[in-house]
Structure formats: structure tokens, C-alpha cells
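Structure, as C-alpha cells:
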Amino acid sequence: MKAARSTMLAPGLSNNKAKYSRLAASDDGYIDLQFQRSPPKIPYNAIALAIFLFLIGSLLIIFGALLLTGTIKVENPDRTIPVIIIGVLVFLPGFYHLRIAYYAAKGYRGYSYDDIPDFGD
């Protein structure tokens, strides 16, 4: 009878394998688990887009600079400035988000993957 009684649960108790932590004697109403951060979710799609924007913007800036200096001969030189402007507009957000991702990966204080917009994988 004793062995059968030890396997039975008291009413209201469950037999799950949840992990619990012991409360401190003087916890002041706080427990350590509420201050532990979950591991960060890395927004791979947003980082891939940032890399793409960075590379395309860099290429457009370089190509526009070569057009502007005359290294690459063009028939209408007035079309070189828009190439540089579009390159800068594409380069800046890519660089900005790559910088945040780099600093977050290195663990610098104040930088987090939460600062990079995610596209709702």
C-alpha cells in the first residue's frame, strides 16, 4: 500500500516536468527569473536585405564617381549625379542596419537585434 500511495498525486498537483527555481528568503517580491533575458532572435532576413542595400549602394556610388570623373566615357554627363544620389540613398540604410547588427553580434552595450526592424518571418 505504501508504494501505491507514493505514485498517487494529491488533488490539484500535476505531474509535469516544468523547471522551477527556489524563492529566496528575503526576495522583496522579486525573483531572479524575471530579470533573465531570453536569447535574442536574430533577424536574418533584415540583415540580408541590409547587406544587399549596402552592396548595391556601394556599387552605384563607385560607378557614379567613375562616370563623374570621366574614367567611363558617357554621352550625357548630366546623368551621373542621379546615379550617385540613388547610390547614397540606397547605401545609407544598408550601412546603418549592418552597423547595428555588427555591434549587437559583438555584444556592445546599447546595441540589440531588437533595433533592426524585422519583416515578420
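The values are calculated or read from the model by the stated rules, or taken from the named source; none is laboratory data. None of the values given here were measured: they were computed from a predicted structure. All Cβ positions, even for glycine, are placed from backbone atoms using ideal geometry, and neighbour counts span all protein chains on display.
Go through region 62-107 and count every residue that is of a type in the set (Asp, Glu) and part of a loop (DSSP other than H, G, I, E, B). If you could, list the steps in order and put the result at the bottom.
Our first condition is that a residue be of a type in the set (Asp, Glu); within region 62-107, this holds for 75, 78.
Then drop every residue that is not part of a loop (DSSP other than H, G, I, E, B), which leaves 75.
Final tally of qualifying residues: 1.
Can you name the residue in region 24-77 that is loosely packed, with under 11 Cβ neighbours inside 10 Å and among the aliphatic types (A, V, I, L, M) and is also modelled with the lowest pLDDT among such residues?
So, considering only residues that are loosely packed, with under 11 Cβ neighbours inside 10 Å and among the aliphatic types (A, V, I, L, M), the one modelled with the lowest pLDDT is Ala24.
Out of curiosity, is Ser14 modelled with pLDDT under 90, in a loop (DSSP other than H, G, I, E, B), under 34 Å from the mean Cα position of the chain (by Cα) and exposed (fewer than 10 other Cβ atoms within 10 Å of the Cβ)?
Details: modelled with pLDDT under 90: yes; in a loop (DSSP other than H, G, I, E, B): yes; under 34 Å from the mean Cα position of the chain (by Cα): no; exposed (fewer than 10 other Cβ atoms within 10 Å of the Cβ): yes.
When the stated conditions are applied, Ser14 does not pass them.
Could you list, in sequence order, all residues of region 76-121 that are over 19 Å from Ile62 (Cα atoms) and of a type in the set (Asp, Glu)?
Result: Asp114, Asp115, Asp118, Asp121.
Could you check region 90-112 and list, in sequence order, the residues that are under 16 Å from Phe52 (Cβ atoms) and more than 10 Å from the chain's Cα centre (by Cα)?
Val90, Phe91, Leu92, Pro93, Gly94, Phe95, Tyr96, Arg99
Determine whether Gly110 is in a loop (DSSP other than H, G, I, E, B) and modelled with pLDDT under 80.
Values: in a loop (DSSP other than H, G, I, E, B): yes; modelled with pLDDT under 80: no.
No; evaluated as a whole, the condition is false for this residue.
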